[in-house]
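Engineer: Mind looking over this structure? Questions follow.
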Amino acid sequence: MTQQQTEGGDVRLTGISKTYGSFTAVHPLDLTVPQGSFFALLGASGCGKTTTLRMIAGLEDATTGTVSLGGRDITGLPPYKRPVNTVFQSYALFPHLDVSENVAFGLRRRGIKSVRKQVGEMLDLVQLGDFAHRKPHQLSGGQQQRVAVARALINHPQVLLLDEPLGALDLKLRRQMQLELKRIQTEVGITFVHVTHDQEEAMTMADTVAVMNGGRVEQLGAPADLYENPRTTFVANFLGTSNLIEGEIVSTGTDVVVAAGGGRLRLPGGRCTSPAASGEKLLVGVRPEKISLAHAEDADAIPEGRNRVTGRITDSSFIGVSTQYVVESPAGKALQVYEQNIERDGRLVPGAEVVLHWNPEHTFGLDADQDITAGAGVLEEAA
Ligand SMILES: Nc1ncnc2c1ncn2[C@@H]1O[C@H](COP(=O)(O)OP(=O)(O)O)[C@@H](O)[C@H]1O
Ligand SMILES: [Mg+2]
């Protein structure tokens with residue numbers, strides 16, 4: 001299909017909020033989704049993702065605030081007057097209509113008679129050209145989902161909203177569909193706002209991810225930026241895994257030095273989320289794959305200048321590409337270390353005394369006035 005003529009159109013939410021009685025589902029929120037971007041709203045079940053999406057669609061009235069599209073205030077418009085379409089987790093295809101008539105539905109409803117060309121282009125886009133005359137029940141889940149996407153896109157929306165669209169698919173199919181949706185978005189250039197509770201899904205697909213927690217956006221950024229530079233414990237724990245070590249600042253400057261677990265750890269001052277001062281507490285963070293593991297007997301071979309923590313392996317799981325170790329140490333009871341399986345050291349088994357070491361540059365500092373476990377072990381269930 002040809003690129004849609006979207007006349008200038010960032011989605012802008014300004015002070016948008018939603019309360020149900022005394023319960024606030026979405027706190028006043030300011031958010032800009034740039035035109036043509038693939039934007040993900042990521043968060044655990046109940047954090048307000050669907051409510052936010054429904055306010056963009058007009059399916060839910062906002063309690064406060066405005067929604068605008070390309071500078072036009074659409075807050076008061078009913079859903080069908082907004083240049084927005086939604087794809088839900090339950091595809092809601094018409095069971096008695098075949099694939100091409102499902103896709104043609106939006107055109108027919110607008111009284112357009114000659115739909116063949118457009119439907120054909122749409123089916124090609126979602127690679128279902130050969131399935132035009134099947135009924136939905138003769139398709140796999142992934143194929144049905146692609147029909148739902150084609151059915152929404154044929155209306156030429158400026159924005160496509162997707163609410164956990166892959167939630168019903170098994171893992172392998174979900175991975176395929178993630179790439180497929182990404183390809184479609186790149187091809188049509190329409191703004192996609194994708195809601196998911198699956199952090200890998202958000203990171204794979206989106207240009208920008210907004211991490212939501214308790215009705216608020218905690219942090220927004222490109223996937224790699226969020227992953228490398230989490231600004232809260234929730235983001236550090238929810239997006240992948242982080243080791244967070246409680247410490248006390250000893251000195252500040254280009255590098256911040258922290259006393260933790262009986263030793264000293266160093267990190268770049270610029271990687272602390274708040275101004276650091278000596279004597280203050282700090283949570284020192286490092287991702288499990290940034291850490292190397294040496295047997296205690298080889299401790300002398302560790303290069304100078306690396307951060308070090310000594311401990312004992314309590315658990316290890318071989319998962320193919322990597323081995324995941326749990327290490328007990330004075331700096332933390334259950335530090336996580338992921339080692340790529342290249343040359344495995346047979347001595348690194350539960351019970352072994354080890355030294356964890358990593359480049360100080362790979363360390364980040366978080367405000368210690370937060371729940372250190374926020375976002376950890378949040379149930380990965382669809383909302
Ligand atoms: N119609 C409603 N009445 C009362 N509470 C609601 C209603 N819809 C949603 N909520 C509540 O608002 C919160 C956010 O819901 P939702 O936006 O569906 O979350 P998510 O999509 O992130 O799982 C939840 O606690 C939910 O129970
Ligand atoms: Mg939801």
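Engineer: Looking only at strands (runs of 3 or more DSSP E) that fall completely inside region 267-380, which ones have 1 or more residues that are among the aromatic types (Phe, Trp, Tyr)? Let's see the steps before the verdict.
Structural biologist: Numbers: elements: 281-286, 292-295, 307-318, 322-329, 332-340, 353-358, 364-367.
Passing ranges, in order: 307-318, 322-329, 332-340, 353-358, 364-367.
Engineer: May I ask you to say which residue of Val99, Val33 is touching a residue at least 40 places away in the same chain (Cβ under 8 Å), more than 30 Å from Phe234 (Cα to Cα) and not acidic (Asp, Glu)?
Structural biologist: Details: Val33 fails: more than 30 Å from Phe234 (Cα to Cα).
Testing whether each residue is touching a residue at least 40 places away in the same chain (Cβ under 8 Å), more than 30 Å from Phe234 (Cα to Cα) and not acidic (Asp, Glu) leaves just Val99.
Engineer: Let me ask something additional. Restricting attention to region 17-50, which residues are part of a loop (DSSP other than H, G, I, E, B) and surrounded by 23 or more Cβ atoms within 10 Å (Cβ to Cβ)? So that I can check it myself, show each step before the final result.
Structural biologist: Just the residues of region 17-50 that are part of a loop (DSSP other than H, G, I, E, B), to begin with: 21-22, 34-37, 43-48.
Hits for region 17-50 are Gly43, Cys47, Gly48.
Engineer: Among the candidates Gly285, Gly253, which residue alone is in contact with a helix residue (DSSP H, G or I) (Cβ under 9 Å, 6 or more places away or on another chain), of a type in the set (Gly, Ala, Ser) and modelled with pLDDT under 95? Quick ask: steps written out before the conclusion?
Structural biologist: Values: Gly285 fails: modelled with pLDDT under 95.
The unique qualifying residue is Gly253.
Engineer: Next question. Do we have any residue at all in region 56-77 that's within 16 Å of ligand 2 (Cβ to nearest atom), hydroxyl-bearing (Ser, Thr, Tyr) and touching a Lys or Arg at 6+ places or on another chain (Cβ under 7 Å)? Please lay out each step first, then the result.
Structural biologist: The first filter runs over region 56-77 and keeps only residues within 16 Å of ligand 2 (Cβ to nearest atom), leaving 56-57, 59-60.
Restricting the remaining residues to those that are hydroxyl-bearing (Ser, Thr, Tyr) gives none.
Within region 56-77, none of the residues are within 16 Å of ligand 2 (Cβ to nearest atom), hydroxyl-bearing (Ser, Thr, Tyr) and touching a Lys or Arg at 6+ places or on another chain (Cβ under 7 Å).
Engineer: Further question on the same structure: Mind listing just one residue for me: the one in region 51-60 that is more than 8 Å from ligand 1 (Cβ to nearest atom) and in a helix (DSSP H, G or I) and, of those, surrounded by the fewest Cβ atoms within 10 Å (Cβ to Cβ)?
Structural biologist: Ala57
Engineer: If only one of Lys117, Lys113 is assigned to a helix (DSSP H, G or I) and open to solvent by 40 Å² or more (accessible area, probe 1.4 Å), which one is it? Steps first, answer last, please.
Structural biologist: Numbers: Lys113 fails: assigned to a helix (DSSP H, G or I).
So the residue among Lys117, Lys113 that is assigned to a helix (DSSP H, G or I) and open to solvent by 40 Å² or more (accessible area, probe 1.4 Å) is Lys117.
Engineer: To continue, here is another question. In region 186-222, how many are among the polar types (S, T, N, Q), open to solvent by less than 10 Å² (accessible area, probe 1.4 Å) and more than 15 Å from ligand 2 (Cβ to nearest atom)? Can you show your working first?
Structural biologist: The first filter runs over region 186-222 and keeps only residues among the polar types (S, T, N, Q), leaving 186, 191, 196, 199, 204, 208, 213, 219.
If we keep only those that are open to solvent by less than 10 Å² (accessible area, probe 1.4 Å) too, we end up with 191, 196.
Those still in the list that are more than 15 Å from ligand 2 (Cβ to nearest atom) too: 191.
Here the count works out to 1.
Engineer: Another question about this same structure. Ser90 fails exactly one of the following numbered conditions: (1) open to solvent by 50 Å² or more (accessible area, probe 1.4 Å); (2) modelled with pLDDT of 95 or more; (3) within 16 Å of ligand 1 (Cβ to nearest atom). What is the number of that condition?
Structural biologist: With respect to (1) open to solvent by 50 Å² or more (accessible area, probe 1.4 Å); (2) modelled with pLDDT of 95 or more; (3) within 16 Å of ligand 1 (Cβ to nearest atom), Ser90 is out only on (2).
Engineer: Evaluate region 166-184: report whether one residue or more is buried (at least 17 other Cβ atoms within 10 Å of the Cβ), within 16 Å of ligand 2 (Cβ to nearest atom) and either under 16 Å from the mean Cα position of the chain (by Cα) or touching a residue at least 60 places away in the same chain (Cβ under 8 Å) (or both).
Structural biologist: Within region 166-184, one or more residues are buried (at least 17 other Cβ atoms within 10 Å of the Cβ), within 16 Å of ligand 2 (Cβ to nearest atom) and either under 16 Å from the mean Cα position of the chain (by Cα) or touching a residue at least 60 places away in the same chain (Cβ under 8 Å) (or both).
The values are calculated or read from the model by the stated rules, or taken from the named source; none is laboratory data. From a predicted model like this one, the values you see are computed outputs, not experimental measurements. Every residue, glycine as well, gets a Cβ built from its backbone with ideal geometry; the counts of neighbours run over all protein chains shown. Ligands, DNA and RNA are stripped out before the accessible areas are found, and what is left, the full protein with its side chains, is counted by its heavy atoms. Shrake-Rupley method; radii C 1.70, N 1.55, O 1.52, S 1.80 Å.
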